[in-house]
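Student: Dumping the structure here so I can ask a few things about it.
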Amino acid sequence: MPTITYRDALNQALREEMHRDPAVFLMGEEVGVYQGAYKVSRGLLEEFGPMRVVDTPIAELGFAGIGVGAAMVGMRPVIEFMTWNFALLAIDQVVNSAAKILYMSGGQIPVPIVFRGPGGPALQLGAQHSQALESWFAHVPGLKVVAPATPYDAKGLLKSAIRDGNPIVFLEGEMLYNTKGEVPEGEYTIPLGSADVKREGADLTLVCHSKSVAVALKAAEQLQHEHDLAAEVVDLRTLRPLDVATLVASVRKTNRCVVVEEGWPLGGVGAQVVDELQREAFDDLDAPILRVTGADVPMPYNKHLERAAKPGPDRVIEAAKRVAYREG
Amino acid sequence: MATRVVMEALSPTMEEGRIARWLKKEGDAVTTGDILAEVETDKAIMELQARGEGVLRKIVVPEGGTTPVGNVVAVIAGADEDVSSAFDTTAPAAKAPAAPRPAGPPAAPVVPVVPVGRVRASPLARRLASEKGLDLQVIHGSGPGGRIVKRDLATAAPVSPAGLGGGEGWEDVPLTQIRKTIARRLGQSLGPVPHFFLTAEIDMERCAEAREALNALGEGRVSFNDIVIKVVAMALLQHRECNAWWQDDHIRYFNEVHLGMAVAVDDGLITPVIRQAHRKSLRQIAEEAVALADRARTRRLTPDEYTGATFSISNLGMLGIDEFTAVINPPEAAILAIGAVTPKPVAADGAVTVRRRMRVTMSCDHRVIDGATGARFLQTVKRMLENPLAILW
Amino acid sequence: MTAAARIPSALEPSRREFYVGLLRQMVLVRRFEERAAEAYALGRIGGFCHLYIGQEAVATGAIAALRGDDYLFTSYREHAHALVRGTPARAVMAELFGKATGCSGGKGGSMHLFDAERGFLGGHAIVGSHIPIAAGAAFAIKSRATDQVAACFFGEAAVNIGAFHETLNMAALWGLPAIFICENNRYGMGTALERAAAVYDIAHRACSYDMASETADGMDVLAMHDVVARAAQRAREDKLPTLIEARTYRYMGHSMADPIHGHYRTKEELEEQKSRDPIDQLARQLRQADLLDDDGFKTLKHSVEEEVEDAVRFSEESPEPELSELYTDVYRA
């Protein structure tokens, strides 16, 4: 099986879906001639032409709205935000238009659109370029929110997102684009709304998504070797709708849980995970569920401060030990 | 429709019950409200009522059998009804195991509510304990704040089944409910509660004379115990610091006195409570003490007759004990152990004379009562007993 | 300053049916809005209700110049556009009443009328947000290489919002078959245009984007028809957008909850504008050209009265949506 980068996995997904359905087009800043700000759309302009790979001026609200309009009349736009930080400019179109038109029209007009781009912190990009805003969108009925952590998940989920027929917020990561993983050559999709157990274990459950998955896996390794604790790592993959069944099954087995996420603590996706588990798996919990989140501050520039602000394996291990009642 | 008769929570602290006697047999007709059986709880013998009507088709737990609260003990149904599915003997998991009452609040939880204080346990530990028939009250919690967690259950022994074995030179006797309760409650006393003990010898000559005079009036009889109860109650009004409950993060001081008096019963000990002892006359106390002791021995006390004491007294004087130390009933802060009233040679006014004396030992919870505090209380008790009119002062 | 379109000096008798049709539509809109105001005052309609009274010529003239397969996008002052487009008065009134028989199933309300079959794509309540959406439909048209047009109606207060600017830039840059029709009724809620816009002449703004533009008399239905017909031709043939400023006037307040005059405009101004009433103008012209006499007009009004009365009765009698509808249409399955 070939090993490719997360970036190339997305590229393949876009290419395959644009071949499969002529209604699919990509629109955003630098997606065409520049080959993509993060090279995700490399080669697509040459292959599909300027009506299907559309470079825009810096006008997020404008081109997000254009995407919505095109979707309303039957096209399948993929709107790229250079980062999700900038999507705040377009949030009116995502939340007030895309998410609501099907409902307001009494079911007449679907909006099959994918908004995609990298989210969350990278390295020393500063406060305005480092936000993990998935919970803002996961809050909104009418949207689906997807955050793949691996190349395999990225390709399969993007293909599903494009075909889904609903407005989808698709969160990638600058620091994920270069990561590598095995991706099969044939046609495959991954259903939205399904979490994935990335590592099995019987002693505790680590719930994570996007860049936190690597953090959780690293913590799990250390927990096994140094503390003889076998952690099960559950990658949410889709944040709305949440795959509560998989989460509950894991906690039924392990009886304890730590939720890891990059976003800020108040109202983060992890808070919803905790609520679902305390309701659905109350009698299986041997300890309160703990969360490891991004620090409740705007992201600082300094390297060490930034590292301290991000959820790292050390904090995950500390939380894991607490839920397992291990001293020290 | 079949009615499952389940073991009901007939006392606030009950977790299982033993069928002492079935009053109906299989095949008997039964209407709602009929007494089906006598159930031995951790405190007393209670009556199990029928909550449905029909025929008592099947007795699931026989006389002498013990089962956790919530489990099926019998089935009432129509004479010809198929009841094969009603024999499921286990209570639904993760639900309160008490039977539904016809009206009123939802069923009582498994974990006892008063007076010991809330048990801290993780939801998982609660569920597993309930499923395995383990008593959370006797399990030590290793989690924060004494929380009982899953690993603490691994070492806990399950509740013993009815009837064990015997062998050459020995016999295993299953614990009755009352013995289990005593073990559990007092096992949580001497260990965790920091006891210290104060002993005083009291001159009972005047008290004895007063008592004889009162009894000679022929209007009733008062015992030394009754007098001690009244004296202790009045003394506690002056020493509120000794009339208290330890409540983990605070102390409750009572302005009223509800005295527990230990009564020996068949198989152990129970402490019925004389409520408002400070307000009652000696006659009332005497009459109540007799009545309570009687009901205690026949196991007919109701839950609020044996809970809620603010202070307890234990008297082994009638069994010839000179003095002894009693174990505090948590969450009370103290208990007074009374020895026999015996004539003794004592020094008085430079000469040796024989007077009736009594030794009392007060066990105190050092978290609530200090040595001097306890001593001052005992001084008052002594003063009142040695000068009976001081009770009225 | 761009020239206003002039109406033809004489009506063509061969087009009588066309003119009478326009008149009837304007009368329908007028009467519908009046009945809606009554219904609102009686509590049959809740929330916001923005009336089009006075502006009838704009929607009527413009939509008459468009085809059945063109796409329409409007703001929340949209009852007229839905009616003129052909959505039955029953379905529109029932939607205002929140009934299950409404064109949005009772889930949209006055501000969110949708009629997918007739290409009426809403009904948008965030000022200016539908302008890029309309451009998106135009993009799809161009992508598919058909000769449809996407028409977008918005008020003059929307030309100051970012979405307007971003959209017109891209529409002109890429060449999109869109018509941006600014219904300039001079007041954004309580703010007169001269207090909100650095450049009062809205059509003039098109030069920022090198886009064609025209100013039209929004009280003249035939002028509106002509100007939109020209813009539609430019869109179909040249794949280029047009910005149209239709100068019109609303008689009622911004919404039913706002004052008709007093704070922000005078009664005298209102009366003066009413002297240019679009319905009166066309009726007068038709009478003068002997194409519709007073009796004919009365019959026409009577027929409209019946249609609107029927719509109100239908709405009263229609059922509410089932409670289960709360959870439907959040996602497409």
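Student: How are the C-alpha pair distances of segment C:121-199 spread across 10 Å bins, as whole percents from the shortest bin up?
Tutor: 19, 48, 25, 7, 0
Student: Counting each DSSP H run of 4 or more residues in the protein assembly as shown as -39500 (n - 2.57), what helix-only mean residue ellipticity at 222 nm follows after dividing by all residues, to the nearest 500 deg cm²/dmol? Could you put the intermediate results ahead of the total?
Tutor: Values: 30 runs with 340 residues, N = 1054.
So the helix-based figure for the protein assembly as shown works out to -10000 deg cm²/dmol.
Student: In straight Cα distance, which lysines are under 27 Å from B:LYS25, not counting same-chain residues fewer than 8 positions off?
Tutor: Filter leaves B:LYS43, B:LYS58.
Student: How many angstrom separate the Cα center of segment B:24-54 from the Cα center of segment B:261-297?
Tutor: Each part reduced to its Cα centre gives a spacing of 28 Å.
Student: Take every DSSP beta bridge with both residues inside chain A and express the antiparallel ones as a percent of the total, to the nearest 5. Don't jump to the answer; show the numbers that get you there.
Tutor: Values: 8 of 38 bridges.
Close to 20 percent.
Student: Let me ask something else about it. Quick query: amide H of C:GLY155 versus all other amide H atoms, modeled in the peptide plane; which residues come in under 5 Å with a sequence gap of 5 or more or a different chain?
Tutor: For C:GLY155, the qualifying residues are C:GLU183.
Student: Now a separate question. Of the chymotrypsin sites (Phe, Trp or Tyr not before Pro) in segment A:72-114, which ones lie in a loop per DSSP and count no more than 10 other C-beta atoms within 10 Å? Kindly include the intermediate steps, with their values, before the conclusion.
Tutor: Working: sites: A:PHE81, A:TRP84, A:PHE86, A:TYR103; in loops: A:PHE81, A:TRP84.
Qualifying residues, ordered by number: none.
Student: Pull out a ≥ b ≥ c, the square roots of the eigenvalues of the alpha-carbon gyration tensor of segment C:30-119, then state rounded if a/c is under 1.5, prolate if not and a/b is larger than b/c, and oblate in the remaining case.
Tutor: On the way: a/c = 2.17, a/b = 1.35, b/c = 1.61.
Here segment C:30-119 falls in the oblate category.
Student: Restricting to the protein assembly as shown, compute how many DSSP beta bridges are antiparallel as a %, nearest 5.
Tutor: Values: 66 of 128 bridges.
Bridges in the protein assembly as shown are about 50 percent antiparallel.
Student: Which shape class, rounded, prolate or oblate, goes with segment A:3-182 when its Cα gyration tensor gives a ≥ b ≥ c as root eigenvalues, a/c under 1.5 marks rounded, and past that a/b bigger than b/c marks prolate?
Tutor: rounded
Student: Only helices at least 30 Å long along their axis, Cα-based, and averaging -0.5 or more on Kyte-Doolittle count here, so list those DSSP H runs from chain C. Display every interim value, and only then the final one.
Tutor: On the way: long enough: C:16-41 (37 Å, -0.17); C:294-317 (34 Å, -1.08).
Correct list, ordered by number: C:16-41.
Student: Between A:VAL111, A:GLN278, A:ALA122, whose Cα lies farthest towards the positive end of the dipole of chain A when Lys and Arg beta carbons carry +1 and Asp and Glu beta carbons carry -1, centred on the Cα centre?
Tutor: The one lying farthest along the dipole's positive direction is A:VAL111.
Student: Where Rh is the Kirkwood radius over the Cα pairs of segment B:259-393, the temperature 37 °C and the viscosity 0.692 mPa s, what D in µm²/s does Stokes-Einstein return? Mind dumping the intermediate values first?
Tutor: Working: Rh = 16.4 Å.
Reported coefficient: 200 µm²/s.
Student: Quick one: which residues, 5 or more positions from B:GLY17 or on another chain, have an amide H under 5 Å from its amide H? H modelled 1.01 Å from N in the peptide plane, none for Pro or chain starts.
Tutor: B:THR67, B:VAL69
Student: Right, something else. What whole number of Å gives the distance from the Cα centroid of segment C:19-57 to the Cα centroid of segment B:329-372?
Tutor: 98
Student: Okay, next question. Å³ per residue of the Cα convex hull, for the protein assembly as shown?
Tutor: On the way: hull volume 313.2 nm³, N = 1054.
So the per-residue hull volume is 297 Å³.
Student: Continuing with the same structure: Residue by residue through segment A:301-318, what is 3J(HN,Hα) from phi via Karplus (6.51 cos²θ - 1.76 cosθ + 1.60, θ = phi - 60°)? Round to whole Hz and write x for glycine and proline.
Tutor: 7, 3, 4, 6, 4, 5, 4, 5, 6, 8, x, x, x, 4, 5, 5, 5, 4
Student: By how many degrees, between 0 and 90 and to the nearest 10, does the Cα long axis of helix A:6-20 differ from the longest principal axis of chain A?
Tutor: In chain A, helix A:6-20 runs at an angle near 40 degrees to the longest axis.
Student: Moving on. When we measure straight from the Cα of B:LYS24, which aspartates and glutamates land under 14 angstrom away, once same-chain ones fewer than 8 places off are left out?
Tutor: B:ASP34, B:GLU38, B:GLU47, B:GLU53, B:GLU63
Student: How would you classify segment C:13-317 from its alpha-carbon gyration tensor, with a ≥ b ≥ c the square roots of the eigenvalues: rounded for a/c under 1.5, else prolate if a/b is greater than b/c, otherwise oblate?
Tutor: Values: a/c = 1.31, a/b = 1.28, b/c = 1.03.
It is rounded, given that a/c, with a ≥ b ≥ c, falls under 1.5.
Student: Related question: Along the positive direction of the dipole of segment A:82-237 (beta-carbon charges: Lys, Arg +1; Asp, Glu -1; about the Cα centre), which of A:VAL197, A:ALA149, A:ILE168 reaches farthest?
Tutor: The residue sitting most towards the positive pole is A:ILE168.
Student: Which far-off residues, 5 or more places away or on another chain, put their amide H under 5 Å from the one on B:VAL39, with H placed in the peptide plane?
Tutor: Close amide H contacts, sequence-distant or interchain: B:ALA20, B:MET46, B:GLU47, B:LEU48.
Student: Something else now. May I ask for the longest run of chain C untouched by trypsin sites (Lys or Arg not before Pro) that are loop-located per DSSP and have at most 14 neighbouring C-beta atoms (other than their own) within 10 Å? Mind showing how you got there, number by number?
Tutor: Working: sites that count: C:ARG6, C:ARG67, C:ARG332.
The longest uninterrupted stretch comes out as C:68-331.
Student: Segment A:64-135 to segment A:303-319: how many Å between their Cα centroids?
Tutor: Centre-to-centre (Cα) distance: 30 Å.
Student: Hey, another quick one. Can you give the charge dipole size of the protein assembly as shown about its Cα centre, rounded to the nearest 20 debye, using +1 on the beta carbon of Lys and Arg and -1 on the beta carbon of Asp and Glu? Don't skip to the answer; put the middle values down first.
Tutor: On the way: 114 positive and 137 negative charges, 460 e Å.
Its charge dipole is roughly 2220 debye.
Student: Holding the Cα-Cα limit at 22 Å, pick out from A:LYS144/A:LYS218; A:LYS39/A:LYS159; A:LYS39/A:LYS155 the pairs that are longer than that.
Tutor: Working: A:LYS144/A:LYS218 29 Å; A:LYS39/A:LYS159 18 Å; A:LYS39/A:LYS155 15 Å.
Violating the 22 Å limit, Cα to Cα: A:LYS144/A:LYS218.
Student: Whole-Hz Karplus ³J(HN,Hα) for segment A:131-146, in order, using 6.51 cos²θ - 1.76 cosθ + 1.60 and θ = phi - 60°, x for Gly and Pro?
Tutor: 8, 9, 9, 4, 5, 4, 7, 5, 5, 9, x, x, 9, 10, 10, 10
Student: Please list the radius of gyration and Dmax for segment A:196-323, considering alpha-carbon atoms only, with Å as the unit.
Tutor: Spelled out, the Cα radius of gyration and Dmax of segment A:196-323 are 13.7, 44 Å.
Student: Quick one: what do you get for segment B:44-85 if you divide its Cα Rg by 2.2 N^0.38 Å?
Tutor: Details: Rg = 11.5 Å, N = 42, 2.2 N^0.38 = 9.1 Å.
Computed over Cα atoms of segment B:44-85, the ratio equals 1.27.
Student: Determine, for chain C, the count of lysine pairs separated by eight or more sequence positions (or lying on different chains) whose alpha-carbon distance falls under 21 Å. Display every interim value, and only then the final one.
Tutor: Numbers: C:LYS99/C:LYS107; C:LYS142/C:LYS239; C:LYS274/C:LYS298; C:LYS274/C:LYS301.
For chain C, qualifying lysine pairs total 4.
Where a number appears in this text, it was derived from the coordinates with a stated rule and is not lab data. Quick caveat: nothing in here was measured; it's all calculated off a predicted structure. So basically every Cβ, Gly included, is an ideal-geometry build from the backbone, and we count neighbours across all protein chains shown.
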